[in-house]
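**Student:** I'd like to ask some things about the structure below.
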């Protein structure tokens, strides 16, 4: 599985868990919903932004240099 797909699946799972917890906790206030939205989105966005892919192998470097 490619690293990009892992990040998307992990971010989606995190947001799904946060939504499930908010539904189970019966959050009805607007402030509570904003806090849960931030708690669901911020870690997922940080994960997508800063989780770097694996470094390029020597074989890949040679192939790209030959092109």
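The values are calculated or read from the model by the stated rules, or taken from the named source; none is laboratory data. Just so we're clear, the structure is a prediction, and the values are computed from it rather than from any experiment. When we count neighbours, we look across all protein chains shown, and the Cβ atoms used for this are built from the backbone with ideal geometry, even at glycine.
**Student:** Looking at (1) out of contact with any helix residue (DSSP H, G or I) (no Cβ under 9 Å at 6 or more places or on another chain); (2) loosely packed, with under 11 Cβ neighbours inside 10 Å, which is the only condition residue 25 fails?
**Tutor:** Of everything listed in (1) out of contact with any helix residue (DSSP H, G or I) (no Cβ under 9 Å at 6 or more places or on another chain); (2) loosely packed, with under 11 Cβ neighbours inside 10 Å, residue 25 misses just condition (1).
**Student:** A further question on this structure: When the stretch 50-66 is examined, which residues are found to be in a helix (DSSP H, G or I) and more than 17 Å from residue 7 (Cα to Cα)? It would help to see each step written out before you state the result.
**Tutor:** So the first thing to find is which residues in the stretch 50-66 are in a helix (DSSP H, G or I), and the list is 50, 58-66.
58, 59, 60, 61, 62, 63, 64, 65, 66 - these are the residues of the stretch 50-66 that are in a helix (DSSP H, G or I) and more than 17 Å from residue 7 (Cα to Cα).
**Student:** Determine, yes or no, whether residue 15 is part of a helix (DSSP H, G or I), under 10 Å from the mean Cα position of the chain (by Cα) and at pLDDT below 85.
**Tutor:** Details: part of a helix (DSSP H, G or I): yes; under 10 Å from the mean Cα position of the chain (by Cα): yes; at pLDDT below 85: no.
When the stated conditions are applied, residue 15 does not pass them.
**Student:** Give the stretch 1-12 a look and list any residue that's touching a helix residue (DSSP H, G or I) at 6+ places or on another chain (Cβ under 9 Å) and part of a loop (DSSP other than H, G, I, E, B), or say none.
**Tutor:** Within the stretch 1-12, the subset touching a helix residue (DSSP H, G or I) at 6+ places or on another chain (Cβ under 9 Å) is 1, 7-8, 10-12.
Answer for the stretch 1-12, where residues must be touching a helix residue (DSSP H, G or I) at 6+ places or on another chain (Cβ under 9 Å) and part of a loop (DSSP other than H, G, I, E, B): just 1.
**Student:** Let me ask you something else. Please work out if residue 59 is surrounded by 10 or more Cβ atoms within 10 Å (Cβ to Cβ) and out of contact with any helix residue (DSSP H, G or I) (no Cβ under 8 Å at 6 or more places or on another chain). Give the derivation first.
**Tutor:** Numbers: surrounded by 10 or more Cβ atoms within 10 Å (Cβ to Cβ): no; out of contact with any helix residue (DSSP H, G or I) (no Cβ under 8 Å at 6 or more places or on another chain): yes.
Against the criterion (surrounded by 10 or more Cβ atoms within 10 Å (Cβ to Cβ) and out of contact with any helix residue (DSSP H, G or I) (no Cβ under 8 Å at 6 or more places or on another chain)), residue 59 does not qualify.
**Student:** Given the options 47, 41, 36, name the one that is in contact (Cβ under 8 Å) with a residue 12 or more places away in the chain, surrounded by 14 or more Cβ atoms within 10 Å (Cβ to Cβ), in a helix (DSSP H, G or I) and over 14 Å from the mean Cα position of the chain (by Cα). Step through it out loud before you land on a result.
**Tutor:** Numbers: 47 fails: over 14 Å from the mean Cα position of the chain (by Cα); 41 fails: over 14 Å from the mean Cα position of the chain (by Cα).
None of the other options fit; the residue is 36.
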